Amino acid sequence: MFFVLLGAPGAGKGTQADIIVKEMSLPHVASGDLFRQALKDGTELGKQAESYMKAGKLVPDEITIKMILERITQPDCKNGCVFDGFPRTLEQAKALDEALEKQKKSVERAIYIEVPEEVLLGRLTGRWVCRTCQSPYHWHNSPPQKEGVCDKCQGELYQRADDTEETIKERLKVYFKQTMPLLEYYEKKGRLFRVNGDQEINFVGKDIVKFLRSLKQKK
């Protein structure tokens, strides 16, 4: 069973990916991890991706798709996997479906963690990081005991350039522009499951697990 996990920055994909992986006993295939590993190993695809990343450009679909398809040929993906960060575009989704169809397999469901844009902004703009030990904080959810000071090492807390409201609004704009066609694509195929991400993390996880268990029963 192959699952695609969709959600904007700040939607909590990482946490929910761990829940799905555990519930379905499937490997977690995250495109970001694959890129980092390919760069570390110095593979041909890694070198190709690196040239774009150093130039601050998006890695072309062709390279991303090859990397993903290479990954799912490995033995641990024989019974499926959970895709995280892929597909990002309609072209990637179609390429994935074509590759799986050749193996007489398919994407079981695309799980979309739905969170209002204003909530995402609140989550993302509240993030601060310790300059010394890199411990993360959030002004609303997990504030430091003393404003501007890390609890662990007393280092200075700062906000990353990509966590400012202006930058985040642009990131979300790009994400939603890319994702809407994906949602329509999976919805037309009857494979889209929307989960309310504007609730406590535990409740989001419970909703997803309930849905996954209903799928298991149908199998």
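Just so you know, all these numbers are worked out from the coordinates, no wet-lab data involved. No experiment lies behind these values; they were computed from the predicted model shown. Glycine also receives a Cβ, built like all others from the backbone with ideal geometry; neighbour counts cover every protein chain displayed.
Can you give the Rg and Dmax of segment 105-164 based on its C-alpha atoms, in angstrom?
Computed over the Cα atoms of segment 105-164, radius of gyration and Dmax are 15.9, 53 Å.
Which helices count as membrane-span-like in the chain under these terms: full DSSP H, at least 30 Å along the axis by C-alpha, Kyte-Doolittle mean of -1.0 or more?
The qualifying helices are 165-188.
Decide, for segment 1-131, between rounded, prolate and oblate: order the square roots of the alpha carbon gyration tensor eigenvalues as a ≥ b ≥ c, take rounded if a/c falls under 1.5, and otherwise choose prolate if a/b is larger than b/c, else oblate.
Because a/c hits 1.5 or more and a/b fails to exceed b/c, segment 1-131 counts as oblate.
Find which of PHE176, ILE111, LEU157 sits farthest along the positive direction of the dipole of segment 47-190, computed with +1 on the beta-carbon of Lys and Arg, -1 on that of Asp and Glu, about the Cα centre.
ILE111
Please list the non-local residues whose amide H lies under 5 Å from the amide H of CYS81, H modeled 1.01 Å from N, same-chain partners needing a gap of 5 or more.
The list, which skips near neighbours in sequence, is PHE2, PHE3.
How much of the pair distance distribution for segment 50-115 lies past 17 Å, counting alpha-carbon pairs only, in percent?
46
Which net charge results when you count Lys and Arg as +1 and Asp and Glu as -1 among the other residues whose beta-carbon is under 14 Å from that of ALA110?
That works out to +2.
What base-10 log of the normalised intensity I(q)/I(0) is obtained for the chain from the Debye formula, alpha carbons as equal point scatterers, at q = 0.07, 0.09, 0.11 Å⁻¹?
-0.25, -0.41, -0.62
Using the crude model of +1 on Lys and Arg Cβ and -1 on Asp and Glu Cβ, and no other charge, please compute the dipole size for the chain relative to its Cα centre, in debye to 20.
Dipole about the Cα centre, nearest 20: 720 debye.
So if I average 1/r over every pair of distinct C-alpha atoms in segment 173-219 and take the inverse, what Kirkwood radius in Å does that give?
In segment 173-219 this quantity evaluates to 12.4 Å.
Which residue fluctuates the most in the chain, going by a Gaussian network model with Cα springs under 10 Å, if the choices are GLU108, GLU147, GLU50?
Highest fluctuation of the listed residues: GLU147.
Once every DSSP H run of n ≥ 4 in the chain is given -39500 (n - 2.57) and the sum is divided by its residues, what mean residue ellipticity at 222 nm do you get, rounded to the nearest 500 deg cm²/dmol?
Only helices count here, giving -16000 deg cm²/dmol.
Kindly put ARG213, ARG71 in sequence by how many other C-beta atoms sit within 10 Å of each C-beta, fewest to most.
Exposure proxy ranking, most exposed first: ARG213, ARG71.
Residue by residue through segment 138-143, what is 3J(HN,Hα) from phi via Karplus (6.51 cos²θ - 1.76 cosθ + 1.60, θ = phi - 60°)? Round to whole Hz and write x for glycine and proline.
Ordered by residue, 3J(HN,Hα) equals 9, 4, 9, 8, 8, x Hz.
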